Amino acid sequence: MRIDVNDVILQTNLSYPLVKRGKVRDIYEVDGDLLIVSTDRISAFDVVLPNGIPYKGEALNLLSAYWFNETRHIFPNHLLEIVDSRSVLVRKTDPIKIEFVVRGYLYGSAWEKYSGGKDICGIKLPAGLRKAEKLPEPILTPTTKAEVGHDVEMTRNEVVEMIGKDLAEAIEEASLKIYESAAEKADARGIIIADTKFEFGISDGEVVLIDELLTPDSSRFWPKDKYEVGKNQPSFDKQYVRDYLLSIKWNKKPPAPSLPEHIIVGTSRRYIEAYEKLTGRVFESEIRKYRK
């Protein structure tokens, strides 16, 4: 089927039933499938900011679609059709309420736990690792998927209790394989994928990869030529926005402050650069292709 691309680009007054309005994406039901529209909204610390980031939705949508196509030989996914530069048609699934986070490097909350002498989701890492250091092998650190508030870390046993041993093992294997394949491709293009999250759902008895895939909103992307163990890493994600909000000592509660123009522009450039580096494609050409 074909959807009216002009309607989708407007992002308003669609005739399809709105299923969910998330922090970034709007989801509509279309003849039993789902239309996902990636907007330019941006959130930080679980709060949607008042400013949009130009081209963010298109960069997220096209990059996610790229990775779905690149990894479908490893594991099936929900993508049916790229409708336009910011919208995709996908299979409707029954989502598994777990985020499967794969970490290849010791950073973020994992570093905080490790440096405090704690296990990470029940995993005990070797002693002597430094901040941002590459792990001996990637690890899976699942969390609950909270509709409100923060996600909570889960151990492998807790995942098994929730979804069963066979499904848990299949998803763990798929998550690690997808991460390793993507990390190898990204490394060849000068980007380190430090960590990323995957989500899965069940459609007609089949487990499929859903939501977004390997985007700056769901992953940590570091420029390989600036990587240095033991330090904070520059990134292609919204950490640029978080750092600004921390610098002005915002209390992380609504209402969020407005972003200055240089932060908006700088963030937009980071999303576009991530897309171009990871795909090897010119972002402007891709936009023209899907904006009919």
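For this structure, a couple of remarks:
- Near pairs, Cβ below 7 angstrom, 6+ apart or cross-chain, from segment 214-233 (on the phi > 0 side of the Ramachandran plot) to any residue that is open to solvent by 90 Å² or more (accessible area, probe 1.4 Å) and in a loop (DSSP other than H, G, I, E, B): GLY230/ARG130
Yes or no, residue by residue, for (1) of a type in the set (Asp, Glu); (2) farther than 27 Å from ALA274 by Cα:
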| residue | (1), (2) |
| --- | --- |
| ALA132 | no, no |
| PRO138 | no, no |
| PRO142 | no, no |
| VAL152 | no, yes |
| SER175 | no, no |
| ILE193 | no, no |
| LYS197 | no, no |
| ASP204 | yes, yes |
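- Single residue of GLU133, GLU169, GLU180, GLU99 found to be in contact with a Lys or Arg (Cβ under 7 Å, 6 or more places away or on another chain) and acidic (Asp, Glu): GLU99
- Among the conditions (1) open to solvent by 50 Å² or more (accessible area, probe 1.4 Å); (2) at pLDDT 95 or above; (3) of a type in the set (A, V, I, L, M, F, W, C), LEU140 misses just one, which is (1).
- The lone exception for LYS224 - which of (1) touching a Leu at 6+ places or on another chain (Cβ under 7 Å); (2) at pLDDT 95 or above; (3) of a type in the set (D, E, K, R) it fails: (1)
- Filtered residues of segment 152-186 (kept if open to solvent by 40 Å² or more (accessible area, probe 1.4 Å), free of Cβ contacts under 8 Å to residues at least 24 places away in the same chain and in a loop (DSSP other than H, G, I, E, B)): VAL152
- In segment 222-247, of all residues being within 19 Å of ILE42 (Cα to Cα) and acidic (Asp, Glu), the one that is most open to solvent (accessible area, probe 1.4 Å) corresponds to ASP243.
Residue-by-condition table, conditions (1) surrounded by fewer than 17 Cβ atoms within 10 Å (Cβ to Cβ); (2) free of Cβ contacts under 8 Å to residues at least 60 places away in the same chain; (3) under 24 Å from PRO255 (Cα atoms):
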| residue | (1), (2), (3) |
| --- | --- |
| ASP26 | no, yes, yes |
| GLU29 | yes, no, no |
| LEU35 | no, yes, no |
| ASP40 | no, yes, yes |
| ASN51 | no, no, yes |
| SER64 | no, no, no |
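- For VAL102, the criteria (1) among the aliphatic types (A, V, I, L, M); (2) closer than 30 Å to VAL229 by Cα; (3) open to solvent by 10 Å² or more (accessible area, probe 1.4 Å) hold in every case but one, which is (3).
- Selection count, segment 253-272, where residues are open to solvent by 80 Å² or more (accessible area, probe 1.4 Å) and part of a helix (DSSP H, G or I): 3
- Residue match in segment 67-74 (condition: in a helix (DSSP H, G or I), surrounded by fewer than 20 Cβ atoms within 10 Å (Cβ to Cβ) and at pLDDT 95 or above): yes
- Among the residues of segment 127-137, those identified as open to solvent by less than 60 Å² (accessible area, probe 1.4 Å) and not basic (Lys, Arg) are LEU129, ALA132, GLU133, LEU135.
The values are calculated or read from the model by the stated rules, or taken from the named source; none is laboratory data. In this text, all values refer to a predicted model and were calculated from it rather than measured experimentally. FYI the Cβ positions are ideal-geometry reconstructions off the backbone, even for glycines, and counts take in every protein chain you see. Heavy atoms of the whole protein, side chains included, go into the accessibility calculation; ligands, DNA and RNA do not. Shrake-Rupley method; radii C 1.70, N 1.55, O 1.52, S 1.80 Å.
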